[in-house]
Structure formats: C-alpha cells, structure tokens
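The values are calculated or read from the model by the stated rules, or taken from the named source; none is laboratory data. Here the structure is a predicted model, which means the values were calculated and not measured. Cβ atoms come from the backbone with ideal geometry, glycine included; neighbour counts cover every protein chain shown.
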C-alpha cells in the first residue's frame, strides 16, 4: 500500500494560489549554497511565476510583487538580490498603506456632482464676458440634464435651475428670467450652438419665439 501523505499533514501553503510546487522550489533554493546558482535559480522561479500568472504582467509593480511573495514563502530567509535592489522584510509586508481620506467639501447641492461645482468656479474666474455667458448657459443646460437624470423628473423648470445656479455660485452667476435653458443633447447635435438653431428638429412656435427673445436680450 502506498504511503501518500494528506495535504493536512504537509507544510501549510504560504501563498495557496502559487501552489505547492512553487513553494517546494523556494524551499530548495534556500538550500543552495553557491550564491550565484541560488540567485539564478530564484530568478527562474520568478520567471516561472510570471508565466503561470500572466495577468500580473499588466499590473503596476508586478515584478516587485512576485519577488515579495517569493521572500514571504521563504519566511524572508533567502540570500538573493531582487531586481529592485531592496530586499523585502517582514515589517514591510505588514506595513499597511496610508488610508486615503474621503474628500470633504462644503459643496452645495451635491446631487449635481463635484464637477459642476468646479465648472461654476471656472466660470466665475472667466474674465471674457461673452465666453462667460456661453459658459454659464452650458453649465445650466448640463444641470438641467443632470437634474432630470438623477431625480427622474421631466418637468424640471428653468426657474429651478437658475435658482440652483445662483446658489452654487453664491450669487456670482445668474441667468436672466427670460433666457431659455436649452436641452443639452440638442446643443450637442447642433454642434455646440447654444440656441440649437442647427438642430434639424422642428421647434414649436413658442420655442422659436423664445429663442428670438433670448438672442435679442442675452446679447
């Protein structure tokens, strides 16, 4: 009867995904007395791991990760030089990365998102009056689209968007009451024309009238 040991009787795997054969190779490398042969043998182990796990080649610092894992398997008792020139240590393995703080901001009306507030700040800083007017109307159009998307309301009014724009800018940006806030998708189809004149979609009589008043009063 063959005496086959159970896995429970074997040495626990330090890195299970690498398998027992890789761990055995690392253990054998620890027994090699010649430093050059030991170095060459471990380099072959690292190369073998990179072939077994090709997805790691696409990750940042993949080579460093492989060598760190080899040292982990060897319990950091391995006299070889990693390509980085810096030997991994148990302290470095246990070191946790610094926590990334959650961005805290005093942004108003968070449902419009962080980028809208940044656009508002850029519009406030814009010195060219004509560019600022176009910028503000584009921001308002995006706010209108965002409000409909996240609030699932199709009956959002221009007055609501104008009031929110004023709040976001602390009163520094505003749109006249008679200015119509266009649909952002129509603006894109119209190659950025704010009034949407290049759109092929036929407008209603009231909308055409509103656009004429907007162009006359918003200049």
Quick check on residue 177: is it part of a loop (DSSP other than H, G, I, E, B), modelled with pLDDT of 80 or more and farther than 23 Å from residue 115 by Cα?
yes
Restricting region 133-170 to residues that are under 15 Å from residue 122 (Cβ atoms) and out of contact with any helix residue (DSSP H, G or I) (no Cβ under 6 Å at 6 or more places or on another chain), the one surrounded by the most Cβ atoms within 10 Å (Cβ to Cβ) turns out to be 137
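Rundown of residues vs (1) outside any loop (DSSP other than H, G, I, E, B); (2) closer than 21 Å to residue 28 by Cα; (3) modelled with pLDDT under 70; (4) outside the structural domain of residue 34 (by TED's automatic domain parsing), yes/no style:
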| position | (1), (2), (3), (4) |
| --- | --- |
| 51 | yes, yes, no, no |
| 66 | yes, yes, no, no |
| 69 | yes, yes, no, no |
| 78 | no, yes, no, no |
| 82 | no, yes, no, no |
| 86 | no, no, no, no |
| 99 | no, no, no, yes |
